[in-house]
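**Q** Have a look at this one before I ask anything.
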Amino acid sequence: MRDFDWNHLRSVLHHDWLQKYITFLHARRDTLDEVSQGKAEWREDIKEQFLEWRGKAGLFKTLIDSCEEALSPRQLLNELPLSSMPQENKEWLGEVIHGLYLERTQIKTAAASLKTLLEAVDAAYENLLGGRCDKGSPVGLFIDKITELSKAISKLPHNIQAV
Amino acid sequence: MRTPAIPKILVIDDQFGSSLKDRRNLCALFGLNDITGDDTSPEPIKDPVAEAVFCSGQIRAIGHVENNVKIAHDAAAKGWPSSDGWRWALILLDLRFVSGALNENGEPTEQDGDDTFGLSILDDIHNGFPDIPIIVISSRDRNAVIVDCRTKGAADFIQRVGYGTDTKPPREILVEKITEHGLIEDNRTLKNEKSRIVGRSIAMMKALRDARRAATGAGNILLLGETGVGKELLARYVHDLSSKKMGHYEVFNPHDIAETLQEDRLFGHIQGAYSGASSAEPGIFELANNGTLFIDEFGDIKQNLQNQLLRPLEARCVKRQGGSREIPLNIQVVLATNKNLDEDTQAGRFKKDLLNRVKSYPITLPPLRERKEDIPVIASQLLENLCRENSARWPRKILTDTLKVLMDYEWPDNIRGLRNVLERAVKNNKDAEIVVPSDINFGSSKEPVDVASPKAALEIVKEEYSLDRLIGIMSEFQFQKDYSKLHGKLPDIQKAIAKFLANYLLSAVDVSKKRRAGATDGELNIAGAASCMMGIQLKTPKAADLIKKLLQTDKNVLNEILDKNPSLKEMYHEVLRLRPSKPNKKQSSRLL
């Protein structure tokens, strides 16, 4: 995925959607708690908003999976003037640049961490729906995990990383 | 009694400005009542922090949405001020605005996000309305955007992800921002409404904001402003909003205590510190420990006492008179003065060291003439208080024409003067349902002279006399048939009148001198000077009598007047030469 496409996806998912979703979770925490504990029934508008995560989770996975490539300086070999190099040079140079970038930014570690967080968010989501939680509030756990995910995404670079 | 209004804020955000579903969530989270008017069933919010109007900052057309600075600008203008007179407490502004194509359901399809469009709105609104506090709210990392935001005029920043801090709820964060930056009225819960500071002019709300900020600190707070602007009320406001609000609130005014007793009042004494000190007594500094000490008329404190205030105001400790032990204090000190302390320091009347210890956070209260838009609400509150105090009819309406009269006046004595005028109106007509223009008698907007009040006399002497001032005082003065009862009670006012008449004569003397063409000085002209003053032609003998009587208004001050004015001295000797007979013993040598 090209860097500008990746940034667009990031903006749409993180800035435009996730912030609203987190606002929703905080605002409706008490209601969600009551529902998860079986003390109240779902309100249609709240359920509709809550279930939005299901449709977005896959897109977050795509965002995380593609961040390594999208932010790699190897992308610059696809643009002028570097794109005018002979193909065989682009290949070895691309490998070198990418390797350096991985070493310096530790982006693989960040991406792995994000994947783990995403899985934790999914698990907390399912627990909440099922009213299950080992300790504490399932809503609280879901909010904590998704907020952690948001903060971790915020820390990702916004541009191709130079090496 | 008017209930202080809940703060009103403007939220400029593309998402919350257009999506009602998302807006309701934000309102629930921050404790906002949505008063935009486009939601037919907004959720009721319990104990709202503020009322909010939402603006998307965009123009929506069929098929697409476009960012538009003017939309945001116009929304800001509508509340600055509103048609009802209120003003935005602050604006919450997003940074990222998404524009582009919409599908037939009005939902975004391929859209472009502008991460910095909010900065364009910030720049525009700050330039157009520099007094509106603007808080940027964004999911962007604070460090990445704070420089741009602050340089373009943002007062603060709220980060959306976890809303900046992990421990404080968003509602609490908003309350903090409104308290620190917002332009809001005095909305304290008070037992006595008379203590409320009334007004929603920009100047007054800025003073209140400065007071709130000062109340969170630890340093000395200096309140500046003309007489009668409400410095004492603001001192109380600071106390109520500070961490010391549960402690005592003590007041010290050097005019309320004889000079010889002021030190003892401030610092107390140990047993046996002086003759008569049979037991130890704390001073007012100690009494205010864990609370607030308000020192009024700070600029009038005498120099020897100024020296003794240096240490308490800096190190927060005192020694009782006769004692050696330093007593540490946990105290908030608020000082007030109508003096120009910088000028007084340069003139040597006020210690520079002391000024340096108190002026780290000066707050200036505006005079009433600079906040005339507040006169209607202030007058209404004062009127209600006065009607109740004087068992007069209430409610009582102030007619629009009457308000105009009040608002056209310049109020040299500020709110105190307004109170006096309204008090006269109430006392003159206790049963009236309305206050009409003819009820308003400015006469003197100063406090009526209290014959028995040494404080009033002292204040009078301090001022340079003007004709208006004297006429005002004399119109209020309670003369008595037995004038011997007046003698000595107000020597200072008599002295002031004598000086005023001398100045009056001096002007006439200068104008009437017989000068040669081109000469700057000339020969004294007794008849001419007296004729000038009286407006009729007088012959020399009568003129001399008049001038002698005038200069002898107060013999105690005569020599002082003559020493300062060589022309008057020369004229006085001349009239004594012309009319050497002694004054009639029955004549009063005091007031004319």
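**Q** Which angle from 0 to 90°, rounded to the nearest 10, does the C-alpha axis of helix B:375-389 make with the longest principal axis of chain B?
**A** Taking the Cα atoms of chain B, the angle to B:375-389 is about 70 degrees.
**Q** Moving to a separate point now. Just check the stretch A:1-112 against the gyration tensor rule for me: Cα atoms, a ≥ b ≥ c as the square roots of the eigenvalues, rounded for a/c under 1.5, and otherwise prolate or oblate depending on whether a/b exceeds b/c. List each step's numbers first, then the result.
**A** Working: a/c = 4.54, a/b = 3.18, b/c = 1.43.
Judged from the Cα gyration tensor, the stretch A:1-112 comes out prolate (a/c at least 1.5, a/b above b/c).
**Q** Could you tell me which of the pairs A:LYS115/B:LYS168; A:LYS108/A:LYS155; B:LYS372/B:LYS404 are separated by over 21 angstrom between their Cα atoms in the structure shown?
**A** Values: A:LYS115/B:LYS168 28 Å; A:LYS108/A:LYS155 14 Å; B:LYS372/B:LYS404 10 Å.
A:LYS115/B:LYS168, as the Cα separations exceed 21 Å there.
**Q** Please compute the modelled spin-label separation between B:LYS513 and B:THR216, points set 7 Å along Cα→Cβ, answer in nm with one decimal.
**A** 6.4 nm
**Q** A follow-up question, please. Per residue, how large is the accessible surface of chain A? Use a 1.4 angstrom probe and give square angstrom.
**A** On the way: 8380 Å² over 163 residues.
Computed with neighbouring chains in place, this is 51 Å² per residue.
**Q** Just counting partner chain Cβ atoms within 10 Å, what average do the residues of peptide B:20-29 show around their Cβ? Please list the in-between numbers first.
**A** Details: counts 0, 5, 7, 2, 4, 11, 5, 2, 8, 8.
Mean number of neighbouring Cβ atoms from other chains: 5.
**Q** Averaged across the residues of A:20-30, what count of C-beta atoms belonging to other chains lies within 10 Å of each residue's C-beta?
**A** Details: counts 9, 2, 7, 13, 7, 2, 10, 10, 4, 2, 1.
Shielding by partners across A:20-30 averages 6.
**Q** Below 8 Å between Cα atoms, with a sequence gap of 6+, how large is the relative contact order for the stretch B:304-383 in percent?
**A** Details: 40 pairs, mean separation 20.7, N = 80.
Relative contact order here is 26 percent.
**Q** Tell me, in nm to one decimal, what length is gained between B:ILE59 and B:LYS404 on full extension, where the rule is 0.36 nm per residue of separation less the Cα-Cα distance? Before the final figure, lay out the partial values.
**A** Numbers: separation 345, 0.36 × 345 = 124.20 nm, distance 4.18 nm.
Roughly 120.0 nm would be gained on extension.
**Q** Can you give the alpha-carbon Rg of the protein assembly as shown over 2.2 N^0.38 Å, where N counts its residues? Could you put the intermediate results ahead of the total?
**A** Details: Rg = 37.2 Å, N = 755, 2.2 N^0.38 = 27.3 Å.
Relative to the 2.2 N^0.38 Å estimate, the protein assembly as shown comes out at 1.36.
**Q** A further question on this structure: Could you compute the FRET efficiency for A:GLU95 and B:THR151, with r as their C-beta to C-beta distance and R0 at 30 Å, rounded to 0.05?
**A** Approximately 0.10, to the nearest 0.05.
**Q** Using DSSP H assignments, which helices in chain A have an axial alpha-carbon span of 20 Å or above and a mean Kyte-Doolittle hydropathy of -0.5 or higher?
**A** In chain A, the long hydrophobic H runs are A:52-70, A:107-130, A:138-155.
**Q** Output the antiparallel fraction of DSSP beta bridges having both residues in the stretch B:1-131, as a percent to the nearest 5. Could you put the intermediate results ahead of the total?
**A** On the way: 11 of 23 bridges.
Just about 50 percent of them are antiparallel.
**Q** First measure r as the distance between the Cβ atoms of B:VAL436 and B:SER391, then evaluate 1/(1 + (r/R0)^6) with R0 = 22 Å and state the FRET efficiency to the nearest 0.05.
**A** On the way: r = 21 Å, r/R0 = 0.95.
Rounded to the nearest 0.05, the efficiency is 0.60.
**Q** Could you check the spin-label model distance between A:GLU41 and B:GLN346? Points 7 Å from the Cα along Cα→Cβ, value in nm.
**A** 7.9 nm
**Q** Where in the stretch B:127-155 does the amide nitrogen come within less than 14 Å of the point 7 Å from the Cα of B:LYS206, taken along Cα to Cβ?
**A** Of the residues in the stretch B:127-155, B:129-133 have backbone N under 14 Å from the label point off B:LYS206.
**Q** Need one number: % antiparallel among DSSP beta bridges in the protein assembly as shown, to the nearest 5. Don't skip to the answer; put the middle values down first.
**A** Working: 16 of 53 bridges.
Within the protein assembly as shown, antiparallel bridges account for around 30 percent of the total.
**Q** Please list, ordered by chain and number, the residues whose modelled amide H lies under 5 Å from the amide H of B:VAL435; skip anything fewer than 5 residues away on the same chain.
**A** Residues meeting the criterion, in which the H sits 1.01 Å from N, are B:LYS397, B:ILE398, B:LEU399.
**Q** For chain B, what is the relative contact order in percent, using Cα pairs closer than 8 Å and at least 6 residues apart in sequence? Write down the numbers at each step before the final one.
**A** Working: 978 pairs, mean separation 48.4, N = 592.
Value for chain B: 8 percent.
**Q** Can I ask one more? Write down the percent of antiparallel bridges among all DSSP beta bridges whose residues are both part of chain B, to the nearest 5.
**A** Numbers: 16 of 53 bridges.
For chain B, the DSSP antiparallel bridge percentage is about 30.
**Q** Cα axis of helix B:170-181 to longest principal axis of chain B: angle in degrees, 0 to 90, nearest 10?
**A** Helix B:170-181 and the main axis of chain B meet at about 30 degrees.
**Q** In nm, what is the difference between 0.36 nm times the number of residues separating B:ASN356 and B:ASP521 and their Cα-Cα distance?
**A** Details: separation 165, 0.36 × 165 = 59.40 nm, distance 4.77 nm.
Additional length available on full extension: 54.6 nm.
**Q** So if R0 is 25 Å, what FRET efficiency would B:GLU176 and B:SER243 give, r being the distance between their Cβ atoms, rounded to the nearest 0.05? Kindly include the intermediate steps, with their values, before the conclusion.
**A** Numbers: r = 15 Å, r/R0 = 0.58.
With R0 = 25 Å, the Cβ-Cβ based efficiency is 0.95.
**Q** Beyond 32 Å between alpha-carbons counts as too far, so tell me which of B:LYS231/B:LYS351; A:LYS47/B:LYS78; B:LYS245/B:LYS359 fall in that bin. Each step should come with its number before you reach the end.
**A** Working: B:LYS231/B:LYS351 22 Å; A:LYS47/B:LYS78 37 Å; B:LYS245/B:LYS359 22 Å.
Over 32 Å apart, Cα to Cα: A:LYS47/B:LYS78.
**Q** Can you tell me how much longer the chain between A:THR116 and A:LEU51 gets when fully stretched, taken as 0.36 nm per residue apart minus their C-alpha distance, in nm with one decimal?
**A** 21.3 nm
**Q** If you average the sequence gap of Cα pairs under 8 Å that are 6 or more apart and divide by the length of chain A, what percent do you get for the contact order?
**A** Values: 127 pairs, mean separation 56.4, N = 163.
Once divided by the residue count of chain A, the mean separation gives 35 percent.
**Q** Just to confirm the filter: which chymotrypsin sites (Phe, Trp or Tyr not before Pro) across the stretch A:1-88 are DSSP coil and have at most 14 other Cβ within 10 angstrom of their Cβ?
**A** A:TRP42
**Q** Restricting attention to the stretch A:47-154, which trypsin sites (Lys or Arg not before Pro) occupy a DSSP loop and are surrounded by at most 12 other Cβ atoms within 10 Å?
**A** On the way: sites: A:LYS47, A:ARG54, A:LYS56, A:LYS61, A:ARG74, A:LYS90, A:ARG104, A:LYS108, A:LYS115, A:ARG132, A:LYS135, A:LYS145, A:LYS151; in loops: A:ARG132, A:LYS135.
Filter output for the stretch A:47-154: A:ARG132, A:LYS135.
**Q** Within 10 Å of each Cβ of B:133-142, how many other protein chain Cβ atoms are there on average? Walk me through the numbers before you get to the answer.
**A** Working: counts 0, 0, 0, 0, 1, 2, 10, 3, 4, 0.
Per-residue shielding by partner chains comes out at 2.
**Q** Over the protein assembly as shown, what percent of the accessible surface lies on carbon and sulfur atoms, probe 1.4 Å? Please report the intermediate quantities before stating the final value.
**A** Values: 18630 of 37730 Å².
Ligands and nucleic acids excluded, carbon and sulfur reach 49 percent.
The values are calculated or read from the model by the stated rules, or taken from the named source; none is laboratory data. Remember, it's a predicted structure, so these values are computed and weren't measured experimentally. Heads up, the Cβs are rebuilt from the backbone with ideal geometry, glycines too, and the neighbour counts pull from every protein chain shown. Please note that ligands, DNA and RNA were not included when accessible areas were found on the heavy atoms of the full protein model with its side chains. Shrake-Rupley method; radii C 1.70, N 1.55, O 1.52, S 1.80 Å.
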